[in-house]
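Working notes for the structure below.
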Amino acid sequence: MPRTHSTRSTGKSWASTKLTAQNNLASAHRTAGQIDTAITLHQEHVLDCMRVHGPTHPETLRSRSNLAAIYRHAGRVDEAITVGDQIVTD
């Protein structure tokens, strides 16, 4: 079937869709027990959220909270606490 329009849009709408997909992928890796991959993806998601939305946007805060949770799940409690402290002080 021929395409009549671009399948990739630009701007924040596209960025938000990409961020959602990125977060879902990280969560899937966590569910599959692929914790190291999930951590890497969550770290990238936090950086991308900060770039797109800024450090205190609700999506960024949610992303940072997810990163803290995966750190805790992996037994990296000190890192989980550090991220959690940063969330509540920002």
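Quick note: the coordinates plus some simple rules give every number you see, no bench work behind them. Source: prediction; values computed, not measured. Cβ placement follows ideal geometry from the backbone for every residue including glycine, while neighbour counts extend to all protein chains displayed.
So which pairs qualify, if the first residue must be in the range 52-73 and within 17 Å of Thr40 (Cα to Cα), the second must be part of a loop (DSSP other than H, G, I, E, B), the Cβ gap must be under 7 Å, and the two must be at least 6 apart or on different chains?
Pairs found: Thr60/Gly54.
Among the residues of the range 26-42, write down those that are surrounded by 16 or more Cβ atoms within 10 Å (Cβ to Cβ) and not small (Gly, Ala, Ser).
Once the filter is applied, which keeps residues that are surrounded by 16 or more Cβ atoms within 10 Å (Cβ to Cβ) and not small (Gly, Ala, Ser), the range 26-42 yields His29, Arg30, Ile35, Ile39, Leu41, His42.
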